[in-house]
Amino acid sequence: MVKRGRPIVMNSQSMETISGRRTRNCSVVAVTRVLDYYRRTGAVTGVPENIQETYKLVEEIAECYGYTDKRGTVPFFISGIAREAFGEYGAKVKCKGVYVWSFEKQVVDEISHGRPVIMNIARGFYKDHTIVVVGYSIWRVGDKLYPMLRVIDGWKSGYHYIDYEAFAKDISQSIFGSFNTIHVNEGKK
């Protein structure tokens, strides 16, 4: 390993544990998870300590954006859902969907500033799934560097890892997806 970003510690329970059911709610859980993280850091106040309560609010907001258990969430709406969910607690945030990305900007910079990133993946192993990026590391094998993402995928509790190069460059596996960044204006309500 040649570099490791600071890990972000956040609720890593499964989607089923957080929502109480097994369904296509990965984006709703991802927004809930990030909102709960900012509650824990003290950047957003008034958020319930019980993440299941927070989930219910985020799900209600997502339904206004067309979310259903059968279809899930359209990835373009993740930033709007997050903005409204944070706004329910008086937090001013800048939420941005990023569709042309780089490892340095959407992963290294965000993680270095203690900001988890919501990542939606259109193809490959995580097809049509939304996860939360909570860290990274860079490995050297011979002369080649391999960036790895530390993620919470929600299918199972805990942390998992994704080869960023496979996601970003292998057209048969992924390449299509987006990142959603959330910047909380701390101290401003």
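Report the relative contact order of the chain, percent, no decimals, based on alpha-carbon pairs under 8 angstrom and at least 6 residues apart.
Values: 379 pairs, mean separation 52.5, N = 189.
Reported as a whole number, the value is 28 percent.
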*In what sequence, highest mean first, do 87-98, 114-125 appear when ranked by Cβ atoms within 10 angstrom?*
114-125, 87-98
*For the stretch 3-184, what is the charge dipole size about the Cα centre, in debye to the nearest 20, if Lys and Arg each add +1 at the Cβ and Asp and Glu each add -1 at the Cβ?*
340
*Computed helical MRE - 222 nm, the chain, DSSP H runs ≥ 4 contributing -39500 (n - 2.57), nearest 500*: -8000 deg cm²/dmol
*What percentage of the solvent-accessible surface of the stretch 35-131, computed with a 1.4 Å probe over protein heavy atoms, is contributed by carbon and sulfur atoms?*
50
*How large is ³J(HN,Hα) for each residue in the stretch 76-92, as worked out from phi by the Karplus curve 6.51 cos²θ - 1.76 cosθ + 1.60 (θ = phi - 60°), to whole Hz, x for Gly and Pro?*
5, 9, 4, 5, x, 4, 4, 4, 5, 4, 5, x, 4, 10, x, 8, 8
*Using modelled amide H (1.01 Å from N, peptide plane; none on Pro or chain starts), what sits under 5 Å from the amide H of residue 92, excluding residues fewer than 5 places away?*
185
_Placed amide H near residue 123: partners under 5 Å, 5+ positions off or other chain_ = 128, 176
*Kindly provide the chymotrypsin sites (Phe, Trp or Tyr not before Pro) of the stretch 1-80 that DSSP labels as loop, not H, G, I, E or B, and whose Cβ sees at most 11 other Cβ atoms within 10 Å.*
none
*Using the Karplus equation 6.51 cos²θ - 1.76 cosθ + 1.60 (θ = phi - 60°), what ³J(HN,Hα) coupling, rounded to whole Hz, does each residue of the stretch 117-125 give in order, writing x for Gly and Pro?*
10, 8, 10, 10, 10, 8, 9, x, 4
*Filter the trypsin sites (Lys or Arg not before Pro) in the stretch 39-74 to those in DSSP coil with at most 15 other Cβ atoms within 10 Å of their Cβ, and list the result.*
70, 71
*Out of these labelled values of volume of the Cα convex hull per residue in Å³, (i) 107; (ii) 165; (iii) 124, which was calculated from the coordinates shown here?*
(i)
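The values are calculated or read from the model by the stated rules, or taken from the named source; none is laboratory data. A quick note: this is a predicted structure, and the numbers were derived from the prediction, not measured. Neighbour counts run over all protein chains shown; Cβ positions are idealised from the backbone, glycine included. Remember, those area values only see protein heavy atoms, side chains included, never the ligands or the DNA or RNA. Shrake-Rupley method; radii C 1.70, N 1.55, O 1.52, S 1.80 Å.
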